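Trainee: Sending over a structure as structure tokens; questions will come in a sec.
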Amino acid sequence: MSLAVKALLDLVERLRSPGGCPWDAKQTDSTIKQYLLEEAYEVLDAIEKSSPSDVCEELGDLLFHIIFLARLASERQEFDFVDVVENITRKMIRRHPHVFGETRVNNAEEVVENWAVIKKREKVNAVDASALDGIPQDLPALMKTHRLGERASRIGFGCNNTASSWNEVAEKFSGLAAAVADGDRVFVGQKIGEVLFCLAGLSRKWGHNSEHLLRVQNRRFSDQVAEHEKGLNRIENDLKSQK
């Protein structure tokens with residue numbers, strides 16, 4: 001273990017120990033999880049800004065919270081940070097038999113297929129396991145939609161190509177148009193949900209992640225609003241200068 005990692009582990013231990021930080025000492029898994037999620041999103045923001053220094057900083061913040069959670073578990077004598085590292089190392093070795101074993105693959109798609117098979121085999125009740133097992137309940141909706149479609153497609157459920165995905169989207173749009181024409185607010189909401197779900201599926205079939213696409217569009221929209229506000233400010237300043 002590097003000296004840098006040990007220093008961070010020692011720091012967290014000091015924060016949690018008597019005479020440390022009162023705020024850190026009172027934290028629990030439930031209170032820390034919200035900060036963990038926020039830090040993960042800040043990492044995404046830094047990546048999308050293409051700022052290496054920000055990515056480095058935000059990864060550090062995320063790592064701090066991971067170590068903090070491991071410390072809480074260690075205090076309960078459940079596991080510690082070393083267990084976390086050793087477990088993920090063993091898992092990655094198991095999941096990459098084409099690197100650490102004798103398995104041969106021809107492309108990235110076969111790697112993904114092998115990963116799914118190995119993951120299912122690892123489950124205790126593999127025979128009764130669902131293809132949707134393991135998808136976090138609290139994932140953002142679009143991200144969860146992507147994962148649901150991805151998992152379902154592995155067992156042959158849902159549209160199997162871009163053409164059928166587009167046809168399904170067109171069908172759902174027709175249903176939405178009919179709902180709007182009827183003026184039924186609840187029905188319109190249901191149909192919008194169906195359209196969004198199918199659009200996420202179409203995105204996945206074209207090799208995109210709808211969560212990422214919408215984040216990019218949100219940023220583009222924010223930039224457009226900022227430019228609009230600059231224009232309004234220029235007009236306001238011009239009017240003031242004419243008085």
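The values are calculated or read from the model by the stated rules, or taken from the named source; none is laboratory data. Since we're looking at a predicted model, the values are computed, not measured. No Cβ is skipped: glycine too gets one built from the backbone with ideal geometry, and neighbour counts run over all protein chains shown.
Trainee: Can you name the residue in the range 185-243 that is closer than 25 Å to N167 by Cα and acidic (D, E) and, of all such residues, is farthest from the chain's Cα centre (by Cα)?
Mentor: E194
Trainee: Same structure again: In the range 54-109, what count of residues is obtained for those that are over 30 Å from S30 (Cα atoms) and exposed (fewer than 13 other Cβ atoms within 10 Å of the Cβ)?
Mentor: Going through the range 54-109 one residue at a time, the tally reaches 10.
Trainee: From the list T103, T89, pick out the single residue that is farther than 24 Å from L214 by Cβ and at pLDDT 95 or above.
Mentor: The unique qualifying residue is T89.
Trainee: Across the range 215-243, what is the number of residues that are of a type in the set (V, I, T) and closer than 30 Å to E48 by Cα?
Mentor: Qualifying residue count, the range 215-243: 2.
Trainee: Still on this structure: May I ask you to verify whether R14 is at pLDDT 95 or above, among the charged types (D, E, K, R) and in contact with a Cys (Cβ under 9 Å, 6 or more places away or on another chain)?
Mentor: yes
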